[in-house]
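J.: One structure, pasted below without further comment.
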Amino acid sequence: MVDLITPPPAIIDVDHDGDEGHDEHHGATGILKWMTSTDHKVIGLSYTVTSVVMLIIGGLFAEIIRAQLASPNGTLVSLAQYNELFTMHGSVMIYLFAGPFAFGGLANIIVPIQIGAPDMAFPRLNALSYWLYLMGSITMLMGFFTAGGAANFGWVAYAPLSNSINTPGAGADLWIGGLLLTGFSAIFTGVNLTATIFYLRAPGMTMFRMPIFTWNMLVTAILILLAFPVLTAGLIMLYCDRHFGTHIFSVAGGGVPVLWQHIFWFWGHPEVYILALPFFGMATEIIAVFSKKPVFGYKSMVFATLSIGALSLGVWAHHMFTTGVVLLPFFSFMSLMIAVPTGIKIFNWIGTMWRGELWFSTAMLMALGFLFTFLIGGLTGIYLASPPLDFFTHDTYFVVAHFHSIVMALVLAGMGGLYFWGPKITGYLLNEKFGRIQFWFLFIGTQVFTFPQYILGLDGMPRRIAMYPHSPQWKTLNDWSTFGAILVGISMIVFVVNVGYSWKKYPCGDNPWDAQTLEWFTTSPPPHHNFYRLPQIRSERPTWDYNHPEHRSLAHGTGGTGTHHEPPLANAIVGALEHDQDHDA
Amino acid sequence: MRVEAKLLLGLGAFFGVMAVVYWNWGHENAGGVMMFAGMLLCLVPGSYYYWWSRRMKARPEDDPNATQGEGAGVVGSFPGSSIFPFTLGMGAFFVVLALVFGIWFLVPGLGLAAWALLGATAEGRRGGHV
Amino acid sequence: MRRFVALPLGALALSGCTVPAFGAHKGATTESSSVFHLWQGFSIGAVIIGGFVTVLFVYAILRFRRKGDNIPRQAQYHLPAEVIYTVVPILVVFGLFAATLVVENKEVANPKANVTVDVNAFQWGWKFTYPHTETVVIGQTTQDPTMVIPVNTNVHINLTSTDVIHGFYVRAFNFSRYALPGVLNQFTLEAVKTGNFSGQCTQLCGLYHSLMFFNVKVVSKSQYTAWLASTANPVAFAAAQKTTGQQTATQVPTKPASSHGDN
Ligand code: HEM
Ligand SMILES: [Cu+2]
Ligand SMILES: [Cu+2]
């Protein structure tokens, strides 16, 4: 145990062992060090790597799905395998990639540094979160190696399809078990983030000086705590129905199948925002830094996030409009209302860019790609909040297209996050040229892959079908969609190549982007307890204030003009670096 | 502390209003109960924070004019490294496998978990690294 | 103010025919054309808002690209702008919600119907029973059963499921509804066009979900009567099977769907 002492002004002594200049803990090395580490940066990095692997696995499933749909009577996989594939695609992407990538990976690393904390509040709990997540992922994927195959009831596991009569076999139980583990991992991370943000902020870092990313993570963490216990309870009920003869979700025993949907979506819709808010935060930070401006409408951004969080608990049944047993107007109204704070965010992002000096680095391109793709997904989401229009499009490819516009926007923002914060974590930049290539493949691929699906959905193509023998005319559009999916796949390959190519090539210095928030004040990578010294915190951009004391944020109406200024040293390094890359790439 | 408290109280109040509106309109129990529970989950810690916020001095992190020096002192206890999260994670893994493949997986599962709990407690007492 | 927004939207929705279809279609029932007009209304809103945002966005990208190392004005708030983009969306939402309610009420209304069809979904097929007649049509995966209904008549559908959840979806109706075990889902539709329309299960229901097709054939009233008479004789109608005592295929107690009551 280490009692961390904060410093006499300006210098933090983080070296708990007493031997100067030595940040690592003594003893364990190699794999044992990794297994025993409780440092939020190590854990966060493990999370990030694991979740990107999950993205690749889920992406492979998606490519198989798309290949199967390239012909009306696809024979690449059997009907049974197809059901397993989309179930595991959805499950891997939602449960094992998007959430853990955001709140286990980047947030874990960045949030403590952004608020000037030495670590997460409960480091060992944090490590436990990771192990539960890793073992949960393995558990869920183990289904493929059982006799009956993996789970095949869709990622939503609707009762009674998910009971032991319709889905016997270990694959389904492994799915439940894997989710129990990752569910607890999420809850622990939620506890940890909330406690860290409430209790470990640096002096002067008031709540309304926290960077937007941290704010979004706080709301995400609260939503995790509200939503995940419900899912866990539901999974236990489902397990009891399957094995202990209860009849919670089966009509025959007096149960109510729709209850599962209520429980699932009471978790599931907040989950949508648990996935999305962190990525909104990433995009916000990136857009501000690469526009060289403060986040426009910081306060309305915070309140938009809070109201999205609040409203998201009251909209779950918009996924159940077609059951015919839910209160249509209530859920319709609440769901439409969410468009308002979401719109505020979009306008704030544009406001941040407005009159800025936009630097189109890869991270910025990814964030802008996110903005556009998310706009499309958001607009089509408004249709689905209207019950009559949902009756019309529910369970068709229109919905698949809608949520892929959203989730692919999140992938774009997440990639932006990696290009943006990766250097802070590793100390090395990624190659910008490869980055740009990756961006264009990912961005164009996303549009080519989702757009035909909108049309297919309106044309009546249901989701989760392995073949469409009666409608061969859908082939052309499906081929386009498959082509888009291939472009997205190529972008992932480019990313992996880029990581290999740039490995330890371009050291980045403390603040390569002339960024604004506290994490850019410390070294890259940060020392064991994150800071040797802290600047005075007087706004949500302490690093910027420190580097550009003459350019603090302005309230509306006050003066101040853009002036010329010398690039900080780090900026010059990056400039030279970019130059260098042009030669060897 | 005050902002944190108000945040949770505000969310709780909103969920409370929603729960009332929803239940009175739809008479649907599941959602009503879940929203009510959501309200409690915000109100309980929220009122605790509020209670404290009225009784304690503003912390340096709540003071807009705080200097870094004010934060000096012990921030908290941060374990350097520990094997027990891993052990407990593996224990939980085996417990879950017991749900799927058979009860005997509980033996390694609960064994590892017990070892982890005892070990972590002892580690905390010792106050050192593994 | 609210009417101010709802009105033009409603007007646009009503004059639907001259407005682009935005990928949807009018469909074959009175309800489906209301949905279509709502679709158009929403689409116009989406195009206007989406277009406006895209223009701002593209303008910002083109106009404000970095030119050297200037530090721009660090403006962070602009209250009037923020108020506008909070209030205008709220008004738009009220408009959309009002339009939604109008169409929704039409769709969930249960006007008096002259023809009733009991639709029962099962793994993996459909059974259409015509109460008070002898007619039952059943078809499994590759048999694509056909539901015959008369044109210009309110047809009342009682939708149930025998096993898992299925989705009753007919694109020409711009409509879908779950077939839930234990729940009787009811809705009424009025076809205004004759013809053959295809339908399909849209809610994942297991192995052969991809192949759970059916057809809806809308015929004139006289043809419908003739069809009923012909199918009443089991010999004359091979694909149909005669009811033998049991009324519906549901094995489970089924109660009417409603949002009031315990689930
Ligand atoms: C390369 C990128 C991707 C491709 C090509 C792709 C493709 C698809 C396709 C074709 C389906 C529909 C399967 C069907 O209904 O038969 C699907 C479903 C789904 N996808 Fe993706 N996807 C991609 C990325 C993602 C990401 C990043 C996420 C989430 C973060 C995601 C989440 C889902 C979910 C939740 C489903 C629904 C699964 C279900 O119906 O149970 N996908 N995907
Ligand atoms: Cu939702
Ligand atoms: Cu089906």
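J.: I'd like to know if the stretch A:120-142 contains one or more residues that are surrounded by 20 or more Cβ atoms within 10 Å (Cβ to Cβ), under 29 Å from residue B:82 (Cβ atoms) and within 14 Å of ligand 1 (Cβ to nearest atom).
T.: Among the residues of the stretch A:120-142, at least one is surrounded by 20 or more Cβ atoms within 10 Å (Cβ to Cβ), under 29 Å from residue B:82 (Cβ atoms) and within 14 Å of ligand 1 (Cβ to nearest atom), which makes the answer yes.
J.: I'd like to check something: does the stretch A:417-424 contain any residue that is of a type in the set (D, E, K, R), in contact (Cβ under 8 Å) with a residue 60 or more places away in the chain, part of a helix (DSSP H, G or I) and over 27 Å from residue A:399 (Cα atoms)? Spell out how you get there, then give the answer.
T.: Taking the stretch A:417-424 and keeping what is of a type in the set (D, E, K, R), we get A:424.
Keeping just the survivors that are in contact (Cβ under 8 Å) with a residue 60 or more places away in the chain gives A:424.
From what's left, part of a helix (DSSP H, G or I): A:424.
This time we only want the ones that are over 27 Å from residue A:399 (Cα atoms), so: A:424.
Looking for residues that are of a type in the set (D, E, K, R), in contact (Cβ under 8 Å) with a residue 60 or more places away in the chain, part of a helix (DSSP H, G or I) and over 27 Å from residue A:399 (Cα atoms), one finds at least one in the stretch A:417-424, hence yes.
J.: Part of a helix (DSSP H, G or I), over 20 Å from residue B:30 (Cα atoms) and within 17 Å of the chain's Cα centre (by Cα): does that describe residue A:288?
T.: Numbers: part of a helix (DSSP H, G or I): yes; over 20 Å from residue B:30 (Cα atoms): yes; within 17 Å of the chain's Cα centre (by Cα): no.
Criteria not met by residue A:288.
J.: Hey, another quick one. Among the residues of the stretch B:85-103, what is the count of those that are facing chain A (nearest Cβ under 7 Å) and farther than 18 Å from residue A:174 by Cα?
T.: Result for the stretch B:85-103: 3.
J.: Looking at residue A:445, is it at pLDDT 95 or above, among the small types (Gly, Ala, Ser) and crowded, with 24+ Cβ neighbours inside 10 Å? Spell out the reasoning first.
T.: Numbers: at pLDDT 95 or above: yes; among the small types (Gly, Ala, Ser): yes; crowded, with 24+ Cβ neighbours inside 10 Å: no.
Criteria not met by residue A:445.
J.: Pick from the stretch C:118-151 the residues that are away from ligand 3 (no atom under 16 Å from the Cβ) and of a type in the set (D, E, K, R): which of them is nearest to residue C:223 (Cα to Cα)?
T.: Taking the stretch C:118-151 first, the residues away from ligand 3 (no atom under 16 Å from the Cβ) are C:118, C:128-138, C:146-151.
Filter once more, so that each one left must be of a type in the set (D, E, K, R): C:118, C:134.
Working: C:118: 20, C:134: 17 Å.
Of everything passing the filter in the stretch C:118-151, C:134 is nearest to residue C:223 (Cα to Cα).
J.: When only residues in the stretch A:311-329 that are aliphatic (A, V, I, L, M) and touching a Gly at 6+ places or on another chain (Cβ under 8 Å) count, which is farthest from ligand 1 (Cβ to nearest atom)? Working first, answer last.
T.: Of the stretch A:311-329, the ones aliphatic (A, V, I, L, M) are A:311, A:313, A:315, A:317, A:320, A:325-328.
Filter once more, keeping what is touching a Gly at 6+ places or on another chain (Cβ under 8 Å): A:313, A:317, A:326-327.
On the way: A:313: 20, A:317: 18, A:326: 20, A:327: 25 Å.
This residue is A:327.
J.: Here's something else I'd like to know. Which of (1) in contact with a Lys or Arg (Cβ under 7 Å, 6 or more places away or on another chain); (2) within 28 Å of residue A:519 (Cα to Cα) does residue A:400 not meet, given it meets every other one?
T.: The one condition residue A:400 does not meet is (2).
J.: Any idea which of (1) among the polar types (S, T, N, Q); (2) within 16 Å of ligand 1 (Cβ to nearest atom); (3) more than 14 Å from chain A (Cβ to nearest Cβ) is the one residue C:153 doesn't satisfy?
T.: (2)
J.: Restricting attention to the stretch C:176-213, which residues are more than 11 Å from ligand 3 (Cβ to nearest atom), surrounded by 24 or more Cβ atoms within 10 Å (Cβ to Cβ), assigned to a strand (DSSP E or B) and within 11 Å of another protein chain (Cβ to nearest Cβ)?
T.: C:176, C:177, C:181, C:183, C:199
J.: Also: Is it the case that the stretch A:299-308 has a residue that's in a helix (DSSP H, G or I) and within 13 Å of ligand 2 (Cβ to nearest atom)?
T.: Going residue by residue through the stretch A:299-308, those that are in a helix (DSSP H, G or I) are A:299-308.
Now restrict to residues that are within 13 Å of ligand 2 (Cβ to nearest atom): A:308.
The answer is yes; a qualifying residue exists.
J.: (1) touching a Gly at 6+ places or on another chain (Cβ under 7 Å); (2) assigned to a loop (DSSP other than H, G, I, E, B): which one isn't true of residue A:282, the others all being true?
T.: Among (1) touching a Gly at 6+ places or on another chain (Cβ under 7 Å); (2) assigned to a loop (DSSP other than H, G, I, E, B), residue A:282 violates only (2).
J.: Shifting gears a bit: Pick out the one residue from B:71, B:89 that is touching a strand residue (DSSP E or B) at 6+ places or on another chain (Cβ under 8 Å), buried (at least 19 other Cβ atoms within 10 Å of the Cβ) and free of Cβ contacts under 8 Å to residues at least 24 places away in the same chain. Break it down stepwise before answering.
T.: On the way: B:89 fails: touching a strand residue (DSSP E or B) at 6+ places or on another chain (Cβ under 8 Å).
Answer to the selection: B:71.
J.: Here is a follow-up. Which one is nearest to the other protein chains (Cβ to nearest Cβ), of the residues in the stretch A:156-184 that are of a type in the set (S, T, N, Q) and farther than 21 Å from residue A:272 by Cβ?
T.: Of all residues in the stretch A:156-184, those of a type in the set (S, T, N, Q) come to A:162-164, A:166-167, A:182.
Filter once more, keeping what is farther than 21 Å from residue A:272 by Cβ: A:163-164, A:166-167.
Working: A:163: 9, A:164: 13, A:166: 6, A:167: 8 Å.
Of everything passing the filter in the stretch A:156-184, A:166 is nearest to the other protein chains (Cβ to nearest Cβ).
J.: Can you run down the residue pairs with Cβ atoms below 6 Å, 6 or more apart or on separate chains, where the first is in the stretch C:81-108 and part of a helix (DSSP H, G or I) and the partner is crowded, with 20+ Cβ neighbours inside 10 Å and of a type in the set (D, E, K, R)?
T.: C:107/C:31
J.: Could you look through the stretch A:377-394, keep only residues that are under 18 Å from residue C:26 (Cβ atoms) and not β-branched (Val, Ile, Thr), and pick out the one that is surrounded by the fewest Cβ atoms within 10 Å (Cβ to Cβ)?
T.: Within the stretch A:377-394, the subset under 18 Å from residue C:26 (Cβ atoms) is A:383, A:386, A:388-389, A:391-393.
Those still in the list that are not β-branched (Val, Ile, Thr) too: A:383, A:386, A:388-389, A:391-392.
On the way: A:383: 24, A:386: 29, A:388: 30, A:389: 28, A:391: 26, A:392: 30.
Among those residues, the one meeting the criterion is A:383.
J.: Restricting to the stretch A:236-279, and then to whatever is out of contact with any helix residue (DSSP H, G or I) (no Cβ under 8 Å at 6 or more places or on another chain), within 14 Å of chain C (Cβ to nearest Cβ) and assigned to a helix (DSSP H, G or I), can you tell me which residue is surrounded by the most Cβ atoms within 10 Å (Cβ to Cβ)?
T.: Within the stretch A:236-279, the match that is surrounded by the most Cβ atoms within 10 Å (Cβ to Cβ) is A:241.
J.: Let me ask something else about it. Taking residue B:106, is it touching a Ser or Thr at 6+ places or on another chain (Cβ under 8 Å), more than 10 Å from chain A (Cβ to nearest Cβ) and part of a helix (DSSP H, G or I)? Explain how you work it out, then say what you get.
T.: Numbers: touching a Ser or Thr at 6+ places or on another chain (Cβ under 8 Å): no; more than 10 Å from chain A (Cβ to nearest Cβ): yes; part of a helix (DSSP H, G or I): yes.
No: the conditions fail for residue B:106.
J.: Next question, about the same structure. Count, please, the residues in the stretch A:309-330 that happen to be more than 9 Å from chain B (Cβ to nearest Cβ) and either in contact with a Phe, Trp or Tyr (Cβ under 6 Å, 6 or more places away or on another chain) or within 12 Å of ligand 2 (Cβ to nearest atom) (or both).
T.: Quick first cut of the stretch A:309-330, residues more than 9 Å from chain B (Cβ to nearest Cβ) only: A:312, A:315, A:318-324, A:328.
Okay, now just the ones that are also either in contact with a Phe, Trp or Tyr (Cβ under 6 Å, 6 or more places away or on another chain) or within 12 Å of ligand 2 (Cβ to nearest atom) (or both), so A:312, A:315, A:318-323.
Adding up the residues that qualify gives 8.
J.: Still on this structure: Looking only at the stretch A:258-273, filter to residues that are out of contact with any Phe, Trp or Tyr (no Cβ under 7 Å at 6 or more places or on another chain), within 9 Å of ligand 2 (Cβ to nearest atom) and of a type outside the set (Val, Ile, Thr); which one of those is farthest from residue A:407 (Cα to Cα)?
T.: Looking at residues that are out of contact with any Phe, Trp or Tyr (no Cβ under 7 Å at 6 or more places or on another chain), within 9 Å of ligand 2 (Cβ to nearest atom) and of a type outside the set (Val, Ile, Thr), I get A:270.
J.: Here's a follow-up. Do we find that residue A:165 is more than 29 Å from residue A:421 (Cα to Cα) and free of Cβ contacts under 8 Å to residues at least 24 places away in the same chain in this structure? If you could, list the steps in order and put the result at the bottom.
T.: On the way: more than 29 Å from residue A:421 (Cα to Cα): yes; free of Cβ contacts under 8 Å to residues at least 24 places away in the same chain: yes.
Yes.
Residue-wise test of (1) under 29 Å from residue C:187 (Cβ atoms); (2) at pLDDT 85 or above; (3) at the interface with chain A (Cβ under 9 Å from one of its Cβ atoms); (4) not in a helix (DSSP H, G or I).
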| residue | (1), (2), (3), (4) |
| --- | --- |
| C:3 | no, no, no, no |
| C:6 | yes, no, no, no |
| C:17 | yes, no, no, no |
| C:25 | yes, yes, yes, yes |
| C:33 | yes, yes, no, no |
| C:43 | yes, yes, yes, no |
| C:56 | no, yes, yes, no |
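J.: Among the residues that make up the stretch A:76-92, is at least one of them more than 26 Å from residue A:176 (Cα to Cα) and more than 16 Å from ligand 2 (Cβ to nearest atom)? Step through it out loud before you land on a result.
T.: First, pick out the residues of the stretch A:76-92 that are more than 26 Å from residue A:176 (Cα to Cα): A:76.
Checking which are more than 16 Å from ligand 2 (Cβ to nearest atom) leaves us with A:76.
Yes, the stretch A:76-92 contains at least one residue that is more than 26 Å from residue A:176 (Cα to Cα) and more than 16 Å from ligand 2 (Cβ to nearest atom).
J.: State yes or no: is residue A:478 touching a Pro at 6+ places or on another chain (Cβ under 9 Å) and either within 16 Å of ligand 2 (Cβ to nearest atom) or not in a loop (DSSP other than H, G, I, E, B) (or both)?
T.: Values: touching a Pro at 6+ places or on another chain (Cβ under 9 Å): yes; either within 16 Å of ligand 2 (Cβ to nearest atom) or not in a loop (DSSP other than H, G, I, E, B) (or both): yes.
When the stated conditions are applied, residue A:478 passes them.
J.: Residue A:504 fails exactly one of the following numbered conditions: (1) charged (D, E, K, R); (2) crowded, with 19+ Cβ neighbours inside 10 Å; (3) away from ligand 1 (no atom under 16 Å from the Cβ). What is the number of that condition?
T.: Only one criterion is unmet by residue A:504, namely (2).
The values are calculated or read from the model by the stated rules, or taken from the named source; none is laboratory data. This structure is a prediction, so every number in the text was calculated from the model and none was measured. In this analysis, Cβ positions are derived from the backbone assuming ideal geometry, glycine residues included, and neighbour counts consider all displayed protein chains.
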